[in-house]
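Engineer: Before we start, here is the structure in question, set down as structure tokens.
The values are calculated or read from the model by the stated rules, or taken from the named source; none is laboratory data. Model, not experiment: these values are computed from the prediction. Positions of Cβ are backbone-derived with ideal geometry, glycine not excepted, and every protein chain shown enters the neighbour counts.
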């Protein structure tokens with residue numbers, strides 16, 4: 001009952017702890033600290049690396065790259081605006097659908113002749129009558145973009161000291177102020193005069209909000225500025241290409257400031273709640289780029305025409321010195337302009353990654369479900385089944401995440417359910433481990449009262465199962481019984497009697513365990529033990545005999561203490577036998593004991609009873625004597641009829657150990673004892689006499705005083721000495 005109660009309590013503790021961990025995990029996920037966020041983002045990067053987009057050369061997007069070759073041929077950046085104007089004219093001539101500059105034109109062109117005339121050094125060489133306004137490079141660039149689908153880039157700035165930019169696109173908000181929480185620009189870099197008046201398109205070139213300089217995973221479609229909402233450069237270039245005036249921002253009906261999607265013409269673009277698009281990258285491909293030097297070549301190039309005609313053209317730079325390099329989720333460093341290009345590609349392909357609050361809620365549900373599975377299975381079946389069930393559930397979550405990403409372009413985070421589930425499993429498994437270890441130690445302490453420590457260690461190492469059934473093997477069995485227990489019990493209160501038995505059996509039990517024995521049971525005033533089971537013990541008859549000798553010594557010490565308290569001394573009788581028995585777990589399916597059954601058990605029990613007949617405390621069987629005669633001081637005690645045993649059993653007295661056996665006085669006693677037994681067997685009256693018995697008795701008193709009783713009664717047991725002694 002105690003074991004069942006312990007298991008029930010542990011089950012409920014596991015459940016309570018497990019559900020508490022699930023609740024704590026939910027709170028952690030809702031608060032979304034940096035470690036949780038970064039693990040999610042790294043996982044999304046990993047998904048993209050496993051299944052990136054592929055480059056489609058037919059998509060109408062190209063980048064005119066101010067690359068190292070262009071700088072080498074045409075000079076360092078910035079180029080005169082007249083050259084930039086020529087670039088626009090060439091692109092329009094090749095049939096570009098729209099042109100967007102991922103370049104800032106914030107100050108007047110310092111190469112413009114108009115600006116040179118303002119320098120006093122150059123002014124003296126110029127005639128006053130010359131009008132240089134017609135040679136203004138900014139004006140030439142302005143004339144080139146006037147009326148053409150060209151978008152100029154502006155950058156978000158953290159100050160309010162610049163002139164504000166007027167949006168060119170119409171922004172129509174649907175819902176409860178969805179533009180309220182868009183990425184904010186306190187101000188924009190200005191556009192040089194007269195570009196700020198003639199540009200038909202203006203877009204933000206930033207690919208991430210200010211201060212975010214790590215991996216670019218999301219790109220804002222729209223920016224909230226001081227003069228209104230300005231689109232990002234990519235969506236502005238797309239707007240000009242399809243000749244749309246308005247961009248629609250759809251928000252939630254009852255949630256202020258939440259963006260659900262952005263629409264432009266026929267394109268419907270899902271976004272996160274602040275109007276950003278999750279980028280689904282492809283490896284950077286040279287097919288996206290056209291060298292600015294090639295475009296500016298005065299000769300017409302039909303190959304270039306086929307690459308530019310009808311396409312959205314983004315102008316930017318990959319030159320390292322111009323510092324416009326960003327890192328993508330694929331681990332690649334690419335020009336910032338290519339990110340705008342890939343954004344347009346995704347919109348055109350309708351392959352924009354999606355992630356919403358609903359998906360985040362489903363991730364939380366997956367974490368809860370995984371936690372409930374782990375907790376439930378572990379509380380019922382333990383750690384291993386829980387690990388298997390949790391592994392299956394975790395695999396399902398991973399599979400769901402993969403299918404959602406590859407088939408539906410949905411970002412479903414599997415890291416929090418998996419990591420959270422593993423943490424929960426680890427904590428619960430750790431609790432079970434410590435609880436099991438605690439129970440194991442308790443059981444070990446209890447079991448160590450019956451089994452020698454070295455045997456217990458060997459049992460634990462072998463991992464033997466506790467199952468019903470047994471096996472036949474040779475063992476040595478011991479029965480030890482208190483002499484005169486009934487009269488003793490009548491003179492003592494029950495509580496004192498129990499205390500005395502506990503103290504005595506503690507000492508005797510320690511002697512048995514110290515000599516590799518297994519205590520089978522305590523039966524009232526007696527104890528049963530055996531050797532060579534549950535694990536093999538070499539020379540087990542000798543171990544048993546040595547344990548009996550140690551018990552004799554412990555009893556003497558016990559009686560010495562009792563005599564100091566004027567208490568009656570205690571006597572014990574020990575009977576031992578070696579033979580084959582069935583050893584194993586015997587009982588019912590629900591309750592069983594490890595014990596031994598067989599003839600040898602009955603013989604040992606009867607030998608213990610025969611100790612009274614022989615008037616000696618430690619008596620063993622012939623089989624046991626044969627196995628250990630070289631190590632023990634033994635004397636033949638006669639052939640005794642044992643109750644329940646068909647034939648007489650030749651018994652031997654255990655006088656002492658090896659040292660006693662090798663002593664000269666014991667050898668003299670053994671010689672006289674043999675002569676006495678021979679005379680008793682042959683009925684030789686001349687030899688069989690009181691003097692012969694007394695001679696043996698007097699020598700025995702010097703070796704083991706307990707032998708006195710044996711020799712005092714031997715004359716009454718003439719019939720027991722009719723078998724040959726061991727040579």
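Engineer: Hey, does segment 542-565 have a residue that's part of a loop (DSSP other than H, G, I, E, B), outside the structural domain of residue 660 (by TED's automatic domain parsing) and more than 19 Å from residue 615 (Cα to Cα)? First the steps, then the outcome.
Structural biologist: Initially, segment 542-565 is screened for residues part of a loop (DSSP other than H, G, I, E, B), giving 565.
Narrowing further to those that are outside the structural domain of residue 660 (by TED's automatic domain parsing): 565.
Add one more test, that the residue is more than 19 Å from residue 615 (Cα to Cα), and what stays is 565.
The answer is yes; a qualifying residue exists.
Engineer: Of the numbered conditions (1) touching a residue at least 40 places away in the same chain (Cβ under 8 Å); (2) closer than 17 Å to residue 556 by Cα; (3) surrounded by fewer than 18 Cβ atoms within 10 Å (Cβ to Cβ), residue 504 fails exactly one; give the number of that condition.
Structural biologist: (3)
Engineer: From 295, 259, grab the single residue that is crowded, with 18+ Cβ neighbours inside 10 Å and farther than 18 Å from residue 312 by Cα. Break it down into steps so the answer makes sense when it comes.
Structural biologist: Numbers: 295 fails: farther than 18 Å from residue 312 by Cα.
Matching residue, one of 295, 259: 259.
Engineer: Using beta carbons and a limit of 9 Å, which pairs, at least six apart or on different chains, have the first residue in segment 232-260 and free of Cβ contacts under 8 Å to residues at least 60 places away in the same chain and on the phi < 0 side of the Ramachandran plot and the second one assigned to a helix (DSSP H, G or I) and surrounded by 19 or more Cβ atoms within 10 Å (Cβ to Cβ)?
Structural biologist: 244/238
Engineer: Here is a follow-up. I need the full set of residues from segment 680-725 which are outside any helix (DSSP H, G or I) and either in contact with a strand residue (DSSP E or B) (Cβ under 7 Å, 6 or more places away or on another chain) or modelled with pLDDT of 90 or more (or both), in order please.
Structural biologist: Our first condition is that a residue be outside any helix (DSSP H, G or I); within segment 680-725, this holds for 683-689, 704-706, 717, 721-725.
Within segment 680-725, 704, 705, 706, 717, 721, 722, 723, 725 qualify.
Engineer: Scan 631, 670 and give me the residue that is more than 15 Å from residue 607 (Cβ to Cβ), modelled with pLDDT of 90 or more, out of contact with any helix residue (DSSP H, G or I) (no Cβ under 8 Å at 6 or more places or on another chain) and surrounded by 15 or more Cβ atoms within 10 Å (Cβ to Cβ).
Structural biologist: Details: 631 fails: out of contact with any helix residue (DSSP H, G or I) (no Cβ under 8 Å at 6 or more places or on another chain).
Only one candidate qualifies: 670.
Engineer: Can you tell which of 315, 374, 352 is under 29 Å from residue 72 (Cβ atoms), surrounded by 16 or more Cβ atoms within 10 Å (Cβ to Cβ) and in contact (Cβ under 8 Å) with a residue 40 or more places away in the chain? Break it down stepwise before answering.
Structural biologist: On the way: 374 fails: under 29 Å from residue 72 (Cβ atoms); 352 fails: under 29 Å from residue 72 (Cβ atoms).
None of the others qualify; the one that does is 315.
Engineer: Consider residue 549 against the criteria (1) surrounded by 15 or more Cβ atoms within 10 Å (Cβ to Cβ); (2) at pLDDT below 95; (3) out of contact with any strand residue (DSSP E or B) (no Cβ under 6 Å at 6 or more places or on another chain): it satisfies all of them except one. Which criterion is unmet?
Structural biologist: (2)
Engineer: Can you tell me how many residues within segment 169-184 are in a loop (DSSP other than H, G, I, E, B) and out of contact with any helix residue (DSSP H, G or I) (no Cβ under 8 Å at 6 or more places or on another chain)?
Structural biologist: From segment 169-184, those in a loop (DSSP other than H, G, I, E, B) are 169, 175-183; that's our starting set.
When the remaining residues are screened for being out of contact with any helix residue (DSSP H, G or I) (no Cβ under 8 Å at 6 or more places or on another chain), the result is 175-183.
Summing the residues that are in a loop (DSSP other than H, G, I, E, B) and out of contact with any helix residue (DSSP H, G or I) (no Cβ under 8 Å at 6 or more places or on another chain) in segment 169-184 gives 9.
Engineer: Kindly establish whether residue 245 is more than 22 Å from residue 37 (Cβ to Cβ), at pLDDT 90 or above and in contact with a strand residue (DSSP E or B) (Cβ under 7 Å, 6 or more places away or on another chain).
Structural biologist: On the way: more than 22 Å from residue 37 (Cβ to Cβ): yes; at pLDDT 90 or above: yes; in contact with a strand residue (DSSP E or B) (Cβ under 7 Å, 6 or more places away or on another chain): yes.
Answer is yes for this residue.
Engineer: Can you run down the residue pairs with Cβ atoms below 7 Å, 6 or more apart or on separate chains, where the first is in segment 131-151 and outside the structural domain of residue 244 (by TED's automatic domain parsing) and surrounded by fewer than 22 Cβ atoms within 10 Å (Cβ to Cβ) and the partner is assigned to a loop (DSSP other than H, G, I, E, B) and modelled with pLDDT of 85 or more?
Structural biologist: Listed by first residue and then by second, the contacts come to nothing, as the list is empty.
Engineer: Next up: Under 17 Å from residue 620 (Cβ atoms), in a loop (DSSP other than H, G, I, E, B), in contact (Cβ under 8 Å) with a residue 12 or more places away in the chain and touching a strand residue (DSSP E or B) at 6+ places or on another chain (Cβ under 6 Å), is that true of residue 537? Talk me through it step by step, then tell me what you get.
Structural biologist: On the way: under 17 Å from residue 620 (Cβ atoms): yes; in a loop (DSSP other than H, G, I, E, B): yes; in contact (Cβ under 8 Å) with a residue 12 or more places away in the chain: yes; touching a strand residue (DSSP E or B) at 6+ places or on another chain (Cβ under 6 Å): yes.
Yes, satisfied.
Engineer: Of the residues that make up segment 147-163, is at least one modelled with pLDDT under 75 and farther than 30 Å from residue 273 by Cβ?
Structural biologist: Yes, segment 147-163 contains at least one residue that is modelled with pLDDT under 75 and farther than 30 Å from residue 273 by Cβ.
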